[in-house]
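The structure follows.
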Ligand code: ADP
């Protein structure tokens, strides 16, 4: 069905790097949205111990979703609600893996609504096989020489391998 006014969703995160869990959530969101903007945050919080630059993270997201022109990627700095309003997003997509994600996600959704009353957040759960997967674990396992090919797509795997080789 083609809608006159396409439903646009925005999926923010650090995507350092994008994992198959993120990919799963992104592709699932297209069951309720016509277009998805993946918003790659400039800054990675210090606690997360970042690996890739924002340009690299953005490129990986673009490569991973090359096959689907309904998904585009942008980088962003500043408040998510400002970007969401600018691009006319109808809702924010976030992934929920376990109860441990819930508290932070709940606070953020409420704060976004305080900042912009039009803000809606839709939570999606990934396929069970990705429910334990996080970008920080992928970085750690890859750094220690473990095989992460089940957890990230080819363009990401190549970059991780180049990183550990260099
Ligand atoms: P991470 O928590 O892996 O560092 P981000 O900060 O980039 O990832 O998170 C962006 C969003 O994606 C968050 O809502 C997070 O809960 C969600 N997410 C991350 N990994 C997964 C996964 N494996 N399954 C479902 N959602 C996920």
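Work out Dmax and Rg for the chain from the C-alpha atoms and quote the Rg first, both in angstrom.
Both quantities, over Cα of the chain: 15.6, 50 Å.
Sticking with this one: For helix 154-165, report the angle its Cα long axis makes with the longest principal axis of the Cα atoms of the chain; keep it between 0 and 90° and round to the nearest 10°.
Around 40 degrees separate the two axes.
With each run of n ≥ 4 DSSP H residues scored as -39500 (n - 2.57), what mean residue ellipticity at 222 nm is computed for the chain after dividing by its residue count and rounding to the nearest 500 deg cm²/dmol?
Result for the chain: -12500 deg cm²/dmol, rounded to the nearest 500.
Among 22-28, 126-132, how do they line up from the highest to the lowest mean number of other beta-carbon atoms within 10 Å?
22-28, 126-132
Given an 8 Å cut-off on Cα distances and at least 6 residues of separation, report the relative contact order of the chain as a percent.
28
In whole angstrom, how far apart do the alpha carbon centroids of segment 34-94 and segment 97-132 sit?
For segment 34-94 versus segment 97-132, the Cα centre distance is 16 Å.
Taken together, the values in this text are just the output of simple stated rules run on the coordinates, not laboratory data. The shown structure was predicted, so the numbers you read here are calculated from the model rather than taken from an experiment. Neighbour counts run over all protein chains shown; Cβ positions are idealised from the backbone, glycine included.
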